[in-house]
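The values are calculated or read from the model by the stated rules, or taken from the named source; none is laboratory data. Quick caveat: nothing in here was measured; it's all calculated off a predicted structure. Using ideal geometry, Cβ is built from the backbone for each residue, glycine included, and neighbour counts are taken over all protein chains shown.
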């Protein structure tokens, strides 16, 4: 079910605490490693929350400026990933408010041309696009918090503990809310495919 | 031992988070429990949708390029240097002050935060009512708007700001204070009105508008690296 590289990535995170400790002592290699490992998924996360590619790029930049500025304040280095997602979430809320102030439409991300090489087959790409569109519409019917919880769990595959750190919720609340969100998503998906 | 149905364990199985022994036990349970088999299948099909969504994003190149890491590290370093300089001088910078307030907020339990917010709201209503009801003697009562205008104008006059300037026409920049600016912004202790200020970090070029109570504003001005200048806008 899960791609082997995704499972590997989760196991690699076990060494993330050591990386965080090195990074906060000023080790540039460790700082770059944190960025390289996390920036792509944080980018995807903020695109999902903001639906605006330009704002998303700014949000990623703001997120990592705050990450490297505040690393010394991270009490538990093992929680680095959840902490970064939490910062990204707060940055997105700020950017969203700014977007609303500027009265910009929260348009869905524009899709560039299909990559002609190194991608899946056209049939597979089409199936993925259809599945993605159905899921997207179902996710849109959830509240922002529940949508965020499901994305953190099912898309970014964070553990419950990491999600609790990112959202500032208790572990029990995260479990209950994800369970509820999943139920709502199922109902929305059923409505979509009917 | 008879295993009971556990949706969270099923999810952990699908996510590959379950320990090998527990996974083995749960798989054995799946062979006997129709309900858990159905739930397991639903979780798998939902994860397949999310996987398709991830592939779709990657295929369509919807993400675009990432920001430059060198620029990010340089900006983070500049901010840390600015904060450290402020702290070394024993002076809270405006940014440091907001950070301290944010930290304090995080440490106060949510229930107590509500209680504090409610108390502040009651005080604000009381102040507003005081201005609305006015004194009991024969002199005409100043309206809240007039009171604001009066306070704003006296502050502006003392700060050397032209009459008619907006209440947000105060800019704090990271620069040495002068005696005149300190005294110019020494506010009345009884003034309950929040003051809108533009806080500028000249080292980074970032600016944000903040609403401060006069006590906080006074502390920043009298103690720090802050300077008051009229907002050119």
Quiz item: Is it fair to say residue B:57 is closer than 30 Å to residue A:123 by Cβ and either at pLDDT below 80 or surrounded by 17 or more Cβ atoms within 10 Å (Cβ to Cβ) (or both)?
Solution: yes
Exercise. For region B:36-49, state whether one or more residues are modelled with pLDDT of 65 or more and closer than 26 Å to residue A:59 by Cβ.
Key: yes
Exercise. Among the numbered conditions (1) within 18 Å of the chain's Cα centre (by Cα); (2) at pLDDT 60 or above; (3) away from chain A (no Cβ under 13 Å); (4) surrounded by 16 or more Cβ atoms within 10 Å (Cβ to Cβ), tell me where residue B:114 comes up short.
Key: (4)
Exercise. Could you figure out which of (1) within 23 Å of residue A:51 (Cβ to Cβ); (2) more than 9 Å from chain B (Cβ to nearest Cβ); (3) surrounded by 15 or more Cβ atoms within 10 Å (Cβ to Cβ) isn't true of residue A:137?
Key: (3)
Self-check item: Filtered residue count, region A:44-67, keeping only those that are surrounded by 24 or more Cβ atoms within 10 Å (Cβ to Cβ) and either closer than 15 Å to residue A:98 by Cβ or within 13 Å of the chain's Cα centre (by Cα) (or both)
Solution: 6
Exercise. Hey, can you tell me all the residues within region A:175-187 that are away from chain B (no Cβ under 11 Å) and within 15 Å of residue A:144 (Cα to Cα)?
Key: A:177, A:180, A:181, A:184
Quiz item: With respect to residue A:192, is the statement that it is out of contact with any helix residue (DSSP H, G or I) (no Cβ under 8 Å at 6 or more places or on another chain), part of a helix (DSSP H, G or I) and modelled with pLDDT under 95 true?
Solution: no
